[in-house]
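Structure record follows, encoded as structure tokens.
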Amino acid sequence: MHLTPEQLEQFDRDGYLFFPGLFSTEEIRTLTEAVPALYARREAYNVREKGSDAVRTNFAAHMYSEPFARLARHPRMVQPVMDLFDEQVYMHQFKINGKMAFEGDVWQWHQDYGTWLNDDMMPTERAMNVAIFLDDVNEFNGPLMFIPGSHKKGVVDARHDLSTTSYPLWTVDNHLIAQLVERAGGKQGGIVSPKGPPGSMILFHSCLVHASTSNLSPWNRVSVYLSLCAVSNHIRRHKRPEYIAHRDFTPIACLPDDCLRLPYPVDLPWRDGLPASALQTSSVPFADMKQAA
Ligand code: SIN
Ligand code: MN
């Protein structure tokens, strides 16, 4: 799938593109069916909500689950991102966010690139977020909210929040959010939240400011978030475990377009468990930093 000039212009202006129902119900079903067994695992890669057993985020399923490994190589998702960067991409992060009925907690206002810069030393914002809905997303189950055009501000001030939820995040303060929303149109479009059926996809800029509220509805809002980074822009530090910020910078080799319907073979390096190395971290940038400077 390639982007049209109109879509490229829209992405530049708003910082996101929405593709309702891009994947069919049949294509999405194998993914949705695999989630409960992944969430049931007692592994470091399942981060649970504060004070609850509900999974907030499952990391790195593409390393140990066949359907998700195929999704990670899907041309409908990867090709437009390569087009935008005019470069091959690798998988920086892979999450299945639960936002489970009644228990799914908030994601505070943030930019993803803020975290990738501060924690992972990713040199520039040449990395893209992709969200793929596995459930219906409606106004009640905590849809993702964007401030259109906020990516144009580059990296904004943020504070490392280690306490509000069960997942540490560099968050943007309320005063700045109010300014950004006003600048984007206030009550007329200053906040948007793409909603749609399972199989919908959003591409959003790594500097786009976003958040989501808690889910008090009786409907799960499971979505996959993939972060694709231009290969030359790979991270320079392993401060976070490998299941959160990946260390294999090999370009993604796409499978055919029907890869969610046919069982193409895929490599599953963590099928038998996380290797000890995936838990090791270091706050020292690795040697490559010198070349990047
Ligand atoms: C994220 O910002 O990474 C996740 C937000 C969400 O799941 O609502
Ligand atoms: Mn985010």
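The values are calculated or read from the model by the stated rules, or taken from the named source; none is laboratory data. Not measured: the values here are computed from a predicted model. Here the Cβ positions follow ideal geometry from the backbone for every residue, glycine too, while neighbour counts run over all protein chains shown.
The table below lists the values:
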| item | result |
| --- | --- |
| Filtered residues of the stretch 139-163 (kept if closer than 26 Å to residue 100 by Cα, without any contact (Cβ under 8 Å) to a residue 60 or more places away in the chain and within 14 Å of ligand 2 (Cβ to nearest atom)) | 161 |
| Sole residue being under 24 Å from residue 185 (Cα atoms), of a type in the set (Asp, Glu) and either under 19 Å from the mean Cα position of the chain (by Cα) or part of a helix (DSSP H, G or I) (or both), chosen from 33, 6, 26 | 6 |
| Test: residue in the stretch 275-286 that is in contact with a Ser or Thr (Cβ under 9 Å, 6 or more places away or on another chain), at negative phi and β-branched (Val, Ile, Thr) | no |
| Residue match in the stretch 101-124 (condition: more than 16 Å from ligand 1 (Cβ to nearest atom) and touching an Asp or Glu at 6+ places or on another chain (Cβ under 9 Å)) | no |
| One residue from 150, 217, 200, 163 being surrounded by 14 or more Cβ atoms within 10 Å (Cβ to Cβ) and out of contact with any Gly (no Cβ under 7 Å at 6 or more places or on another chain) | 217 |
| So residue 64, is it touching a Lys or Arg at 6+ places or on another chain (Cβ under 8 Å), modelled with pLDDT of 95 or more and among the hydroxyl-bearing types (Ser, Thr, Tyr) | yes |
| Residue within the stretch 75-95 that is within 14 Å of ligand 1 (Cβ to nearest atom), hydrophobic (A, V, I, L, M, F, W, C), in contact with a strand residue (DSSP E or B) (Cβ under 6 Å, 6 or more places away or on another chain) and over 24 Å from residue 232 (Cβ atoms) present | no |
| Some residue of the stretch 51-70 being surrounded by 19 or more Cβ atoms within 10 Å (Cβ to Cβ), within 13 Å of ligand 2 (Cβ to nearest atom), in contact (Cβ under 8 Å) with a residue 40 or more places away in the chain and basic (Lys, Arg) | yes |
| Boolean, residue 226 is touching a residue at least 40 places away in the same chain (Cβ under 8 Å) and closer than 26 Å to residue 23 by Cα | yes |
| Of all residues making up the stretch 9-18, the number that are of a type in the set (Phe, Trp, Tyr), closer than 14 Å to residue 83 by Cβ and assigned to a strand (DSSP E or B) | 0 |
| Checking residue 167 against (1) away from ligand 1 (no atom under 13 Å from the Cβ); (2) in contact (Cβ under 8 Å) with a residue 24 or more places away in the chain, the condition it does not meet | (1) |
| Tabulated pairs, the stretch 81-92, first in a loop (DSSP other than H, G, I, E, B), second of a type outside the set (Phe, Trp, Tyr), C-beta under 7 angstrom, 6+ apart or interchain | 87/230; 87/231; 87/232; 88/82; 88/231; 88/251 |
| Counted residues, the stretch 213-257 - those being of a type in the set (A, V, I, L, M), within 11 Å of residue 91 (Cα to Cα) and within 16 Å of ligand 1 (Cβ to nearest atom) | 4 |
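Each row is one residue, and each column tells you yes or no for (1) closer than 22 Å to residue 40 by Cα; (2) within 16 Å of ligand 2 (Cβ to nearest atom); (3) surrounded by fewer than 22 Cβ atoms within 10 Å (Cβ to Cβ).
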site	(1), (2), (3)
83	no, no, yes
102	yes, no, yes
105	yes, yes, no
109	no, yes, no
113	no, yes, no
117	no, yes, yes
121	no, no, yes
132	yes, yes, no
